[in-house]
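The values are calculated or read from the model by the stated rules, or taken from the named source; none is laboratory data. Here the structure is a predicted model, which means the values were calculated and not measured. Heads up, the Cβs are rebuilt from the backbone with ideal geometry, glycines too, and the neighbour counts pull from every protein chain shown.
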Amino acid sequence: MTSRDDVRLRDLARLRRVRDRIDREYAHPLDVESLARGEHMSAGHLSREFRRAYGESPYSYLMTRRIERAMALLQRGELSVTEVCFAVGCSSLGTFSTRFSELVGVPPSVFARRPGGATEGIPACVAKKIARPVRNREVRGGGSVLA
């Protein structure tokens with residue numbers, strides 16, 4: 001194995017740690033600078049390598065995790081949209097609502113009003129796949145994933 005391969009493997013391990021941290025700490029304030037600092041990388045290098053490895057920026061990955069959790073909380077119906085927004089780590093209701101609408105296809109308030117959720121009666125393994133937020137680049141033919 002060459003030295004270049006060693007560096008690439010080390011970078012991939014660091015990127016997995018960053019992704020795992022985002023998965024664990026999505027509700028906490030996270031920014032690219034602190035994520036990079038935790039792995040002794042520059043923010044620019046982390047962003048470039050994360051996008052190359054996972055196909056999206058660390059921020060986009062973080063927001064997708066937050067929206068996935070928000071969907072689950074809204075389906076339970078115990079919290080308001082504002083409470084869910086802050087519970088998943090977003091500090092702006094407007095940004096949260098916009099991103100939720102982009103990924104899910106409907107605003108969080110509309111999603112929350114759906115009785116029983118859009119996946120009621122569907123096996124959990126199938127429901128998880130069809131209810132996953134869809135990033136803009138994945139949308140084919142437009143429209144809502146859950147409409």
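Can you find, within region 100-114, the residue that is nearest to Cys85 (Cα to Cα) among those that are hydrophobic (A, V, I, L, M, F, W, C) and not in a loop (DSSP other than H, G, I, E, B)? Across region 100-114, the extreme among qualifying residues is Phe100.
Only one entry of Leu35, Leu74, Leu62, Leu103 meets the criterion of being buried (at least 20 other Cβ atoms within 10 Å of the Cβ) and under 23 Å from Val7 (Cβ atoms), and that entry is Leu35.
Test Val88 against the stated conditions and say whether it is at pLDDT 95 or above and surrounded by 15 or more Cβ atoms within 10 Å (Cβ to Cβ).
Details: at pLDDT 95 or above: yes; surrounded by 15 or more Cβ atoms within 10 Å (Cβ to Cβ): yes.
Criteria met by Val88.
Glu68 fulfils the conditions (1) surrounded by fewer than 13 Cβ atoms within 10 Å (Cβ to Cβ); (2) assigned to a helix (DSSP H, G or I) except for a single criterion, (1).
Checking the condition within 28 Å of Val106 (Cα to Cα), in a helix (DSSP H, G or I) and either of a type outside the set (Phe, Trp, Tyr) or in contact (Cβ under 8 Å) with a residue 60 or more places away in the chain (or both), which residue from Leu79, Leu62, Leu46 passes? First the steps, then the outcome.
Numbers: Leu79 fails: in a helix (DSSP H, G or I); Leu46 fails: within 28 Å of Val106 (Cα to Cα).
Residue meeting the stated conditions: Leu62.
Checking each residue of region 12-29 against the condition of being part of a loop (DSSP other than H, G, I, E, B), without any contact (Cβ under 8 Å) to a residue 12 or more places away in the chain and over 20 Å from Ser91 (Cβ atoms) gives no match.
Report yes if some residue within region 29-42 is among the basic types (Lys, Arg) and either assigned by TED's automatic domain parsing to the domain that holds Phe111 or under 18 Å from the mean Cα position of the chain (by Cα) (or both); otherwise report no. The answer is no; no qualifying residue exists.
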